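Remarks on the structure that follows.
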Amino acid sequence: MNHFFKNKKQSLLLGGLSMTLILSACGGGENNQNEQNEESTPTAWDEIQESGVITVATSGTLYPTSYHSDEDNDLTGFEVEIVREVADRLDLDVTFTEMGFDGMLTSINSGQVDLAVNDIDINERREEDFLFTDPYKFSYGAMIVRPDDHSGIESLEDLEGKRHGGAATTIYMQLAEEYGAEGVTYDNVTNDTYLRDIENGRLDVVMNDYYLQSLAIEALPDIDVVIHPDLFYYPNNQAMIMKKDSVELQENINSVLAEMMEDGTITELSEQFFGGQDVSQEPDIDFEVEQ
């Protein structure tokens, strides 16, 4: 009798153990399946590698970072050529899509493009919604004004009531409006439009990147405007911007950018497009307003 119950008890225990093993195996299968599904979901980088093409939004109107050359009307510029070199080192082709700045971030989120380059500042607000590569341009803000009286502007506080021109969502437009300027919104226009509107009084000022403004004035000497000699502000860094989940894309581009910094490629491109100046080095200037 005792022997019977002992064997029966062992049988029940073994049966229970078998059920446990079966359930564990089933549970493990589900976990493995979930892991496989996660692994099989292609990332942005997977899709780029599969297609062999990276799509990039840029304006094509922002000299010298993204513009069409006078010689052959081909798209070129500091950031355009950085992207081409990065893509080449990653064994990818590049397709550029030209648009105004307002549409670039929307196009990234919608998947129309993989990233954007257009002298885009890195800032905390944008970093909440997007990823940036490491910076390759270090700059600061300046103002284009009329030469006779600097458009009545001797401090940032003097922007109140002045007419400032630019794209609606840029950092510079936001800064001008914070100081009380009236924002005059332009679409994807070229530099001569801004400069002539300052000259003829339609605008009082355009706030933008110092290097871009200095080269625009140099390229259009017949337009009677100047960079304000005393007001420099908002030190900033520029980089490529992409969707928040494009981590692998960011890592691969950063790896190549580091190589290009190290081997002097970015310095060479800077000197080519910025009149011998190296924008990959941080400026040593006392600024009226920091970031």
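Computed with a 1.4 Å probe over protein heavy atoms only, the accessible surface of the chain comes to 51 Å² per residue.
Summing Lys and Arg as +1 and Asp and Glu as -1 over all other residues whose Cβ lies under 15 Å from the Cβ of Leu195 gives a net charge of -4. The slack in the chain from Gln281 to Glu268, taken as 0.36 nm per residue of separation less the alpha-carbon distance, amounts to 3.4 nm. Annotation: amide H-H contacts under 5 Å for Ala181 (H modelled 1.01 Å from N, sequence separation of 5 or more, or interchain): Gly161.
Within the shell defined by Cβ-Cβ distances under 12 Å, the residues around Asp278 carry a net charge of -2, with Lys and Arg each +1 and Asp and Glu each -1. Annotation for the range 74-134: GluC sites (Glu not before Pro) lying in DSSP loop with at most 13 further Cβ atoms inside 10 Å of their Cβ are Glu128. Restricting to Cα pairs below 8 Å that are 6+ residues apart, what does the relative contact order work out to for the chain? Please round to a whole percent. Computed over the chain, the figure is 23 percent. Of all DSSP-defined beta bridges confined to the chain, some 60% are antiparallel rather than parallel.
Based on DSSP H segments of at least four residues, each scored -39500 (n - 2.57), the chain has a per-residue ellipticity at 222 nm of -13500 deg cm²/dmol. Near the amide H of Thr95, within less than 5 Å, lie the amide hydrogens of Ile54, Thr55, Val56, all on another chain or at least 5 residues away, with H placed in the peptide plane.
Find the relative contact order for the range 182-291 and round it to a whole percent, using C-alpha pairs within less than 8 Å whose residues are 6+ positions apart. So the answer I get is 27 percent. Near Thr43: Cβ cut-off under 10 Å, other residues only, Lys/Arg at +1 and Asp/Glu at -1. The net charge is -4. Subtracting the Cα-Cα distance of Asp192 and Thr41 from their residue separation scaled by 0.36 nm leaves 49.6 nm. From the coordinates of this entry, Cα Rg over 2.2 N^0.38 Å is computed, and it appears in [x] 1.04; [y] 1.47; [z] 1.09 under the label [y]. Close amide-amide hydrogen proximity is noted between Lys244 and Leu131, each under 5 Å apart and 5 or more residues distant or on a separate chain (H modeled in the peptide plane; Pro and chain starts excluded).
Element breakdown for the chain at a 1.4 angstrom probe: carbon and sulfur atoms account for 46% of the accessible area. Label-to-label distance, Asn123 versus Met261, with points set 7 angstrom from Cα along the beta-carbon direction: 2.3 nm. Just check the range 78-229 against the gyration tensor rule for me: Cα atoms, a ≥ b ≥ c as the square roots of the eigenvalues, rounded for a/c under 1.5, and otherwise prolate or oblate depending on whether a/b exceeds b/c. Prolate, since a/c reaches 1.5 and a/b exceeds b/c. Expressed to the nearest 5 percent, the antiparallel share of DSSP beta bridges inside the range 48-173 is 35 percent.
The values are calculated or read from the model by the stated rules, or taken from the named source; none is laboratory data. None of these values were measured; they are calculated from a predicted model. Every residue, glycine among them, receives a Cβ derived from its backbone with ideal geometry; neighbour counts consider all protein chains shown. Only protein heavy atoms, including side chains, enter the accessible area calculation; ligands, DNA and RNA are left aside. Shrake-Rupley method; radii C 1.70, N 1.55, O 1.52, S 1.80 Å.
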